[in-house]
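Undergrad: This structure is in structure tokens; I'll ask about it shortly.
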């Protein structure tokens, strides 16, 4: 890959950089540990979601005016029609500056919208896409169930045809943002007698529909992102089905294929490590920094690994730019990135020693308790978006040609 921008790419990078500098309020930028565990800095880690959206509202509207909430979408649907490299540069500059993307959980822009563009009807595109690209509506994803996580095709939530509707009964779990979402993309079993991959349909569900109950799942870091969602005779119009009946699995795999290069995460990790090194230098001798001689080496190792992660991202984007579909390469990048997330949090915890275990509210908590929260939250990285075990299976089978066990 050529790491240098072409003249048009350099001009576009300068445009994005100037836009962020001129239009993004400094107070909403989140970089490094400021971005870890949901915004705030070393001394300000709590902001309600309502406050966050209220604070970011003006910035989101400016992004929407440029089509930059969903930059890769076609212009006729509110995107910017960016090329692969333009989207890469845009993500790079946004991450380096810490400017919010304005995607409200990212499910609408990253998964639901692209799926509707590819597999939805024109009526569905005109109805649902404008709210996503304007940053006005939040979407959630109803895929995983208590008995169908990694084996997603084992979903048991039922959708039975009844006139012009489907009646949905069942449960979904680990549903990010369901408590604030207006819409859900749902996989449900519409033919219980068909083989498990062939009896599933894909729906858009209005979260205000009667019969939907959302219960919060507060994680061990005391953060509420996840939910469990129950469906009790929820009526979903048949016109809300995406694709064909009983072929929703194949639409769902399209949704799961919408992966980015991961450049934003690699930059975030690099900035986190730099933040950590700065924090150690600025607080040396304060009594809460570990005196272990291995701490410097650990921080250096994490910095090198963040550089490796960046190169893996470049590999993915260079393949996409050549019209290739990265498969095992995406899994390698995802696996390395999610496990690096855990290692960075572990290093930060060892830097602070026992003080790292103190959470926000303790008068003795160093770094406002952020390290402890980040350490707990990092455990989700190796599960969300496909577990490390699944990524290793993909790498083994599709990368190394090894047979399935």
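Undergrad: Which of the residues belonging to region 105-132 are under 17 Å from residue 66 (Cα atoms) and at pLDDT below 90? Write out each step before concluding.
TA: First, the residues of region 105-132 that are under 17 Å from residue 66 (Cα atoms): 109, 129-132.
Correct list: 109 only.
Undergrad: Output the residues belonging to region 373-394 that are over 22 Å from residue 144 (Cβ atoms) and at pLDDT 85 or above. Can you show your working first?
TA: Kept after step one, since they are over 22 Å from residue 144 (Cβ atoms), are these residues of region 373-394: 373-375.
Residues satisfying the conditions are 374, 375.
Undergrad: Could you list, in sequence order, the residues of region 302-328 that are without any contact (Cβ under 8 Å) to a residue 40 or more places away in the chain and part of a helix (DSSP H, G or I)?
TA: 303, 304, 305, 307, 308, 311, 319
Undergrad: Which one of 234, 138 is in contact (Cβ under 8 Å) with a residue 12 or more places away in the chain, over 22 Å from residue 111 (Cα atoms) and buried (at least 18 other Cβ atoms within 10 Å of the Cβ)?
TA: Of the residues listed, the single one that is in contact (Cβ under 8 Å) with a residue 12 or more places away in the chain, over 22 Å from residue 111 (Cα atoms) and buried (at least 18 other Cβ atoms within 10 Å of the Cβ) is 234.
Undergrad: Could you figure out which of (1) part of a strand (DSSP E or B); (2) out of contact with any strand residue (DSSP E or B) (no Cβ under 6 Å at 6 or more places or on another chain); (3) closer than 28 Å to residue 389 by Cβ isn't true of residue 223?
TA: (1)
Undergrad: Determine whether residue 201 is in a helix (DSSP H, G or I) and surrounded by 20 or more Cβ atoms within 10 Å (Cβ to Cβ).
TA: no
Undergrad: Residues in region 348-376 that are touching a residue at least 24 places away in the same chain (Cβ under 8 Å), surrounded by fewer than 19 Cβ atoms within 10 Å (Cβ to Cβ), in contact with a helix residue (DSSP H, G or I) (Cβ under 7 Å, 6 or more places away or on another chain) and part of a helix (DSSP H, G or I): how many?
TA: Final tally of qualifying residues: 1.
Undergrad: Check off (1) crowded, with 20+ Cβ neighbours inside 10 Å; (2) modelled with pLDDT under 85; (3) over 30 Å from residue 379 (Cα atoms) for residue 73 and give me the number that stays unchecked.
TA: (2)
Undergrad: Just to be sure, is residue 100 buried (at least 17 other Cβ atoms within 10 Å of the Cβ) and either outside the structural domain of residue 207 (by TED's automatic domain parsing) or touching a residue at least 60 places away in the same chain (Cβ under 8 Å) (or both)?
TA: Details: buried (at least 17 other Cβ atoms within 10 Å of the Cβ): yes; either outside the structural domain of residue 207 (by TED's automatic domain parsing) or touching a residue at least 60 places away in the same chain (Cβ under 8 Å) (or both): yes.
It is true that residue 100 is buried (at least 17 other Cβ atoms within 10 Å of the Cβ) and either outside the structural domain of residue 207 (by TED's automatic domain parsing) or touching a residue at least 60 places away in the same chain (Cβ under 8 Å) (or both).
Every residue, every condition in (1) assigned by TED's automatic domain parsing to the domain that holds residue 69; (2) out of contact with any strand residue (DSSP E or B) (no Cβ under 6 Å at 6 or more places or on another chain); (3) within 18 Å of residue 238 (Cα to Cα); (4) in a helix (DSSP H, G or I), yes or no:
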{"site": "123", "(1), (2), (3), (4)": "no, yes, yes, yes"}
{"site": "132", "(1), (2), (3), (4)": "no, yes, no, yes"}
{"site": "161", "(1), (2), (3), (4)": "no, yes, yes, no"}
{"site": "187", "(1), (2), (3), (4)": "no, no, yes, no"}
{"site": "194", "(1), (2), (3), (4)": "no, yes, no, no"}
{"site": "197", "(1), (2), (3), (4)": "no, yes, no, no"}
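The values are calculated or read from the model by the stated rules, or taken from the named source; none is laboratory data. Since the structure is predicted, the reported quantities are computational estimates derived from the model, not experimental observations. Here Cβ is always computed from backbone atoms with ideal geometry, including for glycine, and neighbour counts include all displayed protein chains.
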